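The values are calculated or read from the model by the stated rules, or taken from the named source; none is laboratory data. Not measured: the values here are computed from a predicted model. Neighbour counts are summed over all protein chains in view; Cβ atoms, including those assigned to glycine, are modelled from backbone coordinates with ideal geometry.
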Amino acid sequence: MLGLVLHGEAGRDIPCWGRGSGDAMTDNKVYRVASTNLYGRNFGDEVLIVDTGSGRYFSLRGCAVDIWSLIESGATVNHIIAELGGRYDGAPEEIGAAVHRCLGDLLVNDLVREAEAGSGGNPVSSGSTPRQSLAAPVVERFTDMESLLLLDPIHDVSDMGWPRPTSPPLDDTSSSR
């Protein structure tokens, strides 16, 4: 996949909730996909997300793939950390820091928003799979196709869906007489 990778915004200072303050074990926040304009697809080792409102698209890799799946299932931050602790080798502090760093990147890029605790579903446990080395979460934003994606006429449809445009076509027959 070719594209311009922009790193600056996602890498700036992100608050790390619960880090060093002892409250990481009580982080019952829940995050949801931020917009109905976001469409994602999991390819196993990568999640691709397209924002049809802005034309940006994103690549999530490493443990960010698992974090995204758990967010979609309605997991709390504590549950995400616990699940990753069961899937990956690493100290709980290291796993917690990776989750919070990923959540910060997702928030900065408007991919998730904080939701009401308890408004989620019942996250599914990963079961018993062999643990693997913790792969750092990677959230990359691509902007090289913004203009092309926004030109797509699918953006100009009514609530009835494609192919009904939001405004009626101009009637040229009256002006040609």
message: Consider the stretch 78-97. How many of its residues are assigned to a helix (DSSP H, G or I) and in contact with a Lys or Arg (Cβ under 6 Å, 6 or more places away or on another chain)?
response: 0
message: Given the condition at positive phi, of a type outside the set (D, E, K, R) and modelled with pLDDT of 95 or more, answer yes or no: does some residue in the stretch 116-139 qualify?
response: no
- prompt: For the stretch 98-105, does any single residue satisfy the condition of being modelled with pLDDT under 95 and either part of a loop (DSSP other than H, G, I, E, B) or under 22 Å from Leu134 (Cβ atoms) (or both)?
  reply: no
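Out of curiosity, is Glu9 among the acidic types (Asp, Glu), at pLDDT below 95 and surrounded by fewer than 19 Cβ atoms within 10 Å (Cβ to Cβ)?
On the way: among the acidic types (Asp, Glu): yes; at pLDDT below 95: yes; surrounded by fewer than 19 Cβ atoms within 10 Å (Cβ to Cβ): yes.
Considered against the rule, which asks whether it is among the acidic types (Asp, Glu), at pLDDT below 95 and surrounded by fewer than 19 Cβ atoms within 10 Å (Cβ to Cβ), Glu9 comes out as yes.
Could you check the stretch 27-41 and list, in sequence order, the residues that are assigned to a strand (DSSP E or B), of a type outside the set (Phe, Trp, Tyr) and surrounded by fewer than 16 Cβ atoms within 10 Å (Cβ to Cβ)?
Arg32, Arg41, listed by residue number.
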